[in-house]
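The block underneath contains the structure these notes are about, expressed in structure tokens.
Just so it is clear, none of the values below were taken in a lab; they were calculated from the coordinates. For clarity, every value in this text was computed on a predicted model and none was experimentally measured. Every residue, glycine as well, gets a Cβ built from its backbone with ideal geometry; the counts of neighbours run over all protein chains shown.
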Amino acid sequence: MLDRESSFSHPEIVALLKNDFVPVAIDQAYQRRQQDAEGRFYQKIANQGPRKVGDGGPTTQGHYIATPDGAFLDYSNHRDPDGLLEILRESLEQYEPTAVAQIEAGKPDLKFAYGPPEGGLVVRVHSRILGGYDETDDPMKRIFQKGTGRDNFWIRKDEHEALVRGELFESLITRMARFHFVDNTRGEPTMWEESEIVETDLSLEDGVLSGSIHLKIDSGKREYRADLLGFIDVTAGQISRFDLLAKGFFRGEGQYTRGAPEGEFPLAIAFTLADGSDIADAVPPQGSRGWLDGYIR
Amino acid sequence: MILTTAIGIMVMAGAVTQTDFDTLHSALQPTGEEVWRTIPWETSMLKAQARAAEERKPLFIWAMDGHPLGCT
């Protein structure tokens, strides 16, 4: 979130990345574990930097610059655009273009290399906190306060077919509730356990999806109650519209989403069918990370 | 509970009205004007490597916990 609104909105950084680099964005939780050419190439680069794979550290996250054959040039994990600009410039000065062969993909590690379910749907999910933060002059805090969370919701083929018939499978409702009615506006959200679904009361009638949901952890320190309204259209036997809005009040935060407003705050979550035009449409749902079967069941 | 938000929307407890839907659902969609989206991000290390080899450019890897184009 911070990177998107600070470093990757800086005109000079954007120009450099467009013209002089090949930029790639990854969730390193996949590539640092992946036992295939994709993973090995990332691990080769990361292991030349300060956060090595397998050294016991929790993450290898950061900004890496490397040659096409995987020689490390530089690394940064700062959110300061000026620092990033400096290492981009320095790396370009060091870099000497040479002929490099394309790496053969070979057999993918299917535990990490997977796509949306065949015959299913990809639905974009955007979330935003609508109020409740204290006013601040801190530009970084303001980015978080105004930020929009983004994820993808995957729908299975049988659930898609049921929607076409006007039916709403329980599995779809449960997946949406557990993994997508979350506050992901400040980072990786804590998902809900199935036992934390207090109530899902949803109906689909004549293409109108409506109802309410209530999720809560035992302590009551994290909770979301929301009402829902949505519209589902079918064209030629396929879902051609899946628009849904959840509007309600959230309470609490997760391990990686500290800094939520105090008490209850309004959180809206919008779902809309992806058409593949956004690069992020290809990103697996956060809830499927390392546990696709658990997500898609 | 009633709150007026930074984007001027009245948030009230209760059912979502058609007006709520029309206003909020569109307000939450990307505008297409976000600068970071204009960067031609790859999402595969191997595809990026192939492009970098062909174009003889260095790789810039944005590696995060959680996908950078998604929820981080």
(request) Tell me the label-point distance for the pair A:Glu205, A:Thr59, using the 7 Å Cα-to-Cβ offset, in nm and rounded to one decimal. (result) 4.6 nm
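As a test of understanding, state the convex hull volume per residue of the range A:2-94 from its alpha carbons, in Å³.
Value for the range A:2-94: 95 Å³ per residue.
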(request) Please give the net charge around A:Arg124, taking every other residue with its beta carbon less than 11 angstrom from that of A:Arg124, where Lys and Arg add +1 and Asp and Glu add -1. (result) -4
(request) Can you tell me how much longer the chain between A:Thr174 and A:Lys221 gets when fully stretched, taken as 0.36 nm per residue apart minus their C-alpha distance, in nm with one decimal? (result) 14.8 nm
(message) Taking the alpha-carbon distance from A:Lys44 and a cut-off under 23 Å, which lysines remain once sequence neighbours fewer than 8 residues away in the same chain are dropped?
(response) A:Lys52, A:Lys107, A:Lys111, B:Lys47, B:Lys57
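Calculate the translational D of the range A:42-181 in whole µm² s⁻¹ from Stokes-Einstein, where the hydrodynamic radius comes from the Kirkwood formula applied to all Cα pairs, the temperature is 25 °C and the viscosity 0.890 mPa s.
Working: Rh = 20.0 Å.
Using the Kirkwood radius from Cα pairs, D works out to 123 µm²/s.
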(request) Count charges around A:Thr98 for me, please; just the other residues with Cβ under 11 Å from its Cβ, Lys/Arg as +1, Asp/Glu as -1. (result) -1
(message) Could you tell me which residue out of A:Phe181, A:Ser171, A:Gly276 lies farthest along the dipole of chain A toward its positive end? Charges go on the beta carbon: Lys and Arg +1, Asp and Glu -1, centred on the Cα centre.
(response) A:Ser171
(message) Would you report the distance distribution of C-alpha pairs in the protein assembly as shown as whole percents per 10 angstrom bin, up to the bin with the largest distance?
(response) 5, 24, 31, 24, 13, 3, 0
(request) Assign unit charges at the C-beta atoms only (+1 for Lys and Arg, -1 for Asp and Glu), then state the dipole size of chain A relative to its Cα centre in Debye, rounded to the nearest 20. (result) 420 debye
(message) Considering all projection directions equally, how large on average is the shadow of the alpha-carbon convex hull of the range A:105-238, in square nanometres?
(response) 11.7 nm²
(request) Would you please name the chymotrypsin sites (Phe, Trp or Tyr not before Pro) within the range A:204-297 that are DSSP coil residues with at most 15 other C-beta atoms within 10 Å of their C-beta? (result) A:Tyr256, A:Trp291
(request) For chain A, with a Gaussian network of springs between Cα atoms less than 10 Å apart, report the residue from A:Thr98, A:Thr67, A:Thr185 with the top mean-square fluctuation. (result) A:Thr98
(request) Mind checking the full-extension length gain between A:Asp80 and A:Ser195? Use 0.36 nm per residue of separation minus the Cα-Cα distance, one decimal, nm. (result) 37.3 nm
(request) Sort out for me the Cα centre separation of the range A:192-248 from the range A:67-140, rounded to whole Å. (result) 31 Å
(request) Please name whichever of A:Trp154, A:Ala101, A:Leu130 sits farthest to the positive end of the charge dipole of the range A:28-170, dipole taken about the Cα centre and charges placed at Cβ: Lys and Arg +1, Asp and Glu -1. (result) A:Trp154
(request) Compute the length gained on full extension between A:Gln94 and A:Asp233: take 0.36 nm times their separation in residues and subtract their Cα-Cα distance, giving the result in nm to one decimal. (result) 44.6 nm
